[in-house]
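Q: Structure provided below as structure tokens; questions to follow.
None of the figures in this text is laboratory data; all of them are computed from the coordinates on show. Model, not experiment: these values are computed from the prediction. Using ideal geometry, Cβ is built from the backbone for each residue, glycine included, and neighbour counts are taken over all protein chains shown.
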Amino acid sequence: MRIFGLVGKSLSHSFSQQYFTEKFFQNNVHDAKYLLFSLGNIQEIKELLKHSSLLGFNVTIPYKTEIIPFLDGLDKVAQEVGAVNCVVKQNNQWMGYNTDVAGFEQTLRMECRGVMNYALVLGSGGASKAVCYVLKQKNTPFQIVSRKKTEKTITYNEVTEELIRRSTLIINTTPLGMFPHTDEMPPIPYAALHSEHILIDLIYNPEETLFLKEGKKYGAFIINGLSMFEAQAEESWRLFKI
């Protein structure tokens, strides 16, 4: 039996197992299954990688960057992004890819409307790196907001109403609001939002997070992470060569 799966820490929010199990059924694949691998820390990946039946897996919070040292190589996009969310065994080596890039590109192409003059990226983890990569490719200026201030980021305390008003595209790449912690949302001045805003939440469970509900309340166009999840999952399926 060929094994594929999802590596992360807390996986109760994920639709991945259901999605790939249905794909196996739809494509008459009877010799493969998709499992959830919840790791307490990234060091546990060493034992997982020794399993001969494991041929590929997706990676989610919080291991998209931490997994890189355990891999044999990265493709060009994953190397440039600095984050991996899909790992495939090729010629007995573990190769890392980033399918979040393809997923976010499709979200912008298929679902966004309006002018994206300036973007605010909430979060600085692995998903944020993929989002920033796509924004750079599209020549969209952006500012990253994180809990800690660095040369490239500002803190949430520094997000002013003026910054919100001019950031017509705001993307939540954090897990704030993800099931089961649905009562959380990024701490930004939502009252400064208006009808020209586009809010994207990479979370797809729940379908409408508090972040998106607040955006809708002030007239923003809202998009959840389901289309991105489906697009990156399809790209992972292609890489798995099932």
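Q: What FRET efficiency comes out for GLU208 versus LEU35 if R0 is 41 angstrom and r is the Cβ-Cβ distance? Round to the nearest 0.05. The partial results should precede the final answer.
A: Details: r = 29 Å, r/R0 = 0.71.
Given R0 = 41 Å and the Cβ-Cβ separation, E is 0.90.
Q: With a cap of 16 neighbouring Cβ atoms within 10 Å, and only residues DSSP puts in a loop, list the trypsin sites (Lys or Arg not before Pro) found in region 128-182. Working shown, then result.
A: Details: sites: LYS129, LYS136, LYS138, ARG147, LYS148, LYS149, LYS152, ARG165, ARG166; in loops: LYS138, ARG147, LYS148, LYS149, LYS152.
Qualifying residues, ordered by number: LYS138, ARG147, LYS148, LYS149, LYS152.
Q: In deg cm²/dmol and to the nearest 500, what is the mean residue ellipticity at 222 nm of the chain if only DSSP H runs of at least 4 residues count, each as -39500 (n - 2.57), divided by the residue total?
A: Working: 8 runs with 74 residues, N = 242.
The helix contribution divided over the chain gives -8500 deg cm²/dmol.
Q: At a threshold of 8 angstrom on Cα-Cα distance, excluding pairs fewer than six apart, so keeping six or more, what relative contact order does region 117-242 reach in percent?
A: Averaging sequence separation for qualifying contacts and normalising by length gives 20 percent for region 117-242.
Q: Can I get the semi-axes of the chain's equivalent ellipsoid? Compute them from the C-alpha gyration tensor as square roots of 5 times the eigenvalues, in angstrom, largest first.
A: 32, 18, 16
Q: Let me ask something additional. Mind scanning LYS89/LYS148; LYS9/LYS89; LYS46/LYS241 and naming the pairs with a C-alpha gap bigger than 26 Å?
A: Check vs 26 Å cut-off fails for LYS89/LYS148.
Q: Modelling each spin label as a point 7 Å along the Cα-to-Cβ direction, I'd like the LYS241/TYR218 distance in nm, to one decimal.
A: With each label point 7 Å from Cα toward Cβ, the separation is 4.9 nm.
Q: Hey, can you rank 54-64, 185-195 by average C-beta count inside 10 Å, highest first?
A: 54-64, 185-195
Q: Over region 182-242, one equal point on each Cα, no solvent: what is log10 I(q)/I(0) by the Debye formula at q = 0.14, 0.15, 0.22, 0.25 Å⁻¹?
A: The computed values of log10 I(q)/I(0) come out as -0.46, -0.51, -0.83, -0.97.
Q: What order do you get for 65-72, 154-161 when each peptide is scored by the mean count of other beta carbon atoms within 10 Å, highest first?
A: Order by mean packing, descending: 65-72, 154-161.
Q: Given the Cα-Cα distance of GLN90 and ASN27 and 0.36 nm per residue of separation, how much length would full extension add, in nm?
A: On the way: separation 63, 0.36 × 63 = 22.68 nm, distance 2.23 nm.
Result: 20.4 nm gained on full extension.
Q: In bins 10 Å wide, starting from 0, what share of all Cα pairs of region 96-166 does each bin hold, as a percent?
A: Once binned at 10 Å, the Cα pair distances of region 96-166 give 18, 49, 29, 3.
Q: Now for a different question. Can you give me the three principal axis dimensions of region 1-81 from its C-alpha atoms, in Å, biggest first?
A: 35, 27, 25
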